[in-house]
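Novice: The structure follows.
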Ligand code: FO1
């Protein structure tokens, strides 16, 4: 394990990333872990500011998440959505009654001029989340998915169109002007940083927006801590979500090796599933250390075990 004053930074998207973030939160002290979440999935809906990945991580760390769906709150009710349907409002994006409270409060605080970081910290405090959870930026960045059916705002592609249109590319609107969250950038320069972990999130739409923020790529290359990623692809398929489908549509093989190649020279180490161990040699030939491990996280213990393996791997000579 790592020394008490050392820190780990996890970069993550929604469901898959949140599982590993929870494992890390259970095997590190609160002051040792910072989670930076993608905010390029954020959007404005029904007049509310929605931050799906921040909320997925926050609810997961609070132990309040719906573990079957992966997003939203457990024991949710849907009265508002049903009433909205009756009024012929927009119901393609499902907002539960309890979840709505989060969006209402966030929207109110943002409208008062508070930053997304301050709002997130306040929500986390009120839900007794003691891990430091940061948005990747306080400035708006919005993913646009370029598809065969034209350009789609991320949630339109993901939820409304159920990821059906074939993907041709992505762009992150606002990225050039967006500043990385200040504590995030500061941590990358901190001597106490012992590891940066890219969680098993979608490389194209969850992790790439974080890596594309001005200055983040350089800061990651310059930082002394090793950068590790956990493959979101196991046996040629994504554990959840459209990552493998996207890879095929982008004419990439849907393999852990292709994910390692995508992250390229940023990576010092790559954790792949044991079932993909045959790809280890080809990944090592890229100059990346490989750890085959059990990466499918069904139980809480799976999450903790994987987090422990990842942290121990980061401390081995990379
Ligand atoms: N995902 C869905 O597939 N359908 C939904 O209706 C939906 C609603 C939703 C509401 C709040 C929230 O925080 C997340 C929600 N998600 C929903 C998940 C979200 O769209 C995606 O998981 C992420 O954006 C991808 O990481």
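Throughout, read-outs are computed from the coordinates displayed, never taken from laboratory work. All values derive from a computational prediction rather than experimental measurement. For neighbour counting, all protein chains shown are included, and Cβ atoms are generated from backbone atoms with ideal geometry for every residue, glycine included.
Novice: Gap in Å between the Cα centre of segment 27-100 and the Cα centre of segment 121-175?
Specialist: Value for the Cα centre distance between the two parts: 13 Å.
Novice: Further question on the same structure: Find the Rg to Rh ratio for segment 1-123, where Rh is the Kirkwood radius over alpha-carbon pairs and Rg uses the same atoms.
Specialist: 1.02
Novice: Going by alpha carbons, how many degrees (0 to 90, nearest 10) lie between the helix axis of 97-111 and the longest principal axis of the chain?
Specialist: The angle comes out near 90 degrees.
Novice: Over segment 241-318, how many percent of alpha carbon pairs lie in each 10 Å bin up to the one with the longest distance?
Specialist: Over segment 241-318, the share of Cα pairs per 10 Å bin runs 18, 45, 32, 4 percent.
Novice: By its C-alpha gyration tensor, with a ≥ b ≥ c as the square roots of the eigenvalues, how is segment 159-318 shaped: rounded for a/c under 1.5, else prolate for a/b larger than b/c, else oblate?
Specialist: Cα axes put segment 159-318 in the oblate bin.
Novice: Taking 0.36 nm per residue of sequence separation and subtracting the Cα-Cα distance, how much length would be gained by fully extending the chain between residue 183 and residue 294, in nm to one decimal?
Specialist: Difference between extended and current length: 36.8 nm.
Novice: Moving on. For segment 7-314, give the share of DSSP beta bridges that are antiparallel, in percent and rounded to the nearest 5; count only bridges with both residues there.
Specialist: 40
Novice: To the nearest 10 degrees, how steeply does helix 116-126 sit against the main Cα axis of the chain, on a 0 to 90 scale?
Specialist: The two axes meet at around 90 degrees.
Novice: Order these peptides, 10-20, 234-244, 135-145, 298-308, by their mean beta-carbon neighbour count within 10 angstrom, highest first.
Specialist: Those peptides, ordered most packed to least, come out 10-20, 135-145, 234-244, 298-308.
Novice: What distance in nm lies between label points placed 7 Å from Cα along the C-beta direction at residue 245 and residue 281?
Specialist: Placing both labels 7 Å along Cα→Cβ, they lie 3.5 nm apart.
Novice: If you take the Cα Rg of segment 7-314 and divide it by 2.2 N^0.38 Å, with N the number of residues, what do you get?
Specialist: Working: Rg = 18.5 Å, N = 308, 2.2 N^0.38 = 19.4 Å.
Normalised by 2.2 N^0.38 Å, the Cα Rg of segment 7-314 equals 0.95.
Novice: Quote to one decimal, in nm, the extra length available between residue 190 and residue 26 on full extension: 0.36 nm per residue of separation minus the C-alpha distance between them.
Specialist: Values: separation 164, 0.36 × 164 = 59.04 nm, distance 2.28 nm.
Result: 56.8 nm gained on full extension.
Novice: Over the Cα atoms of segment 1-42, what radius of gyration and what Dmax do you get, in Å?
Specialist: Answer for segment 1-42, Rg first and Dmax second: 11.1, 35 Å.
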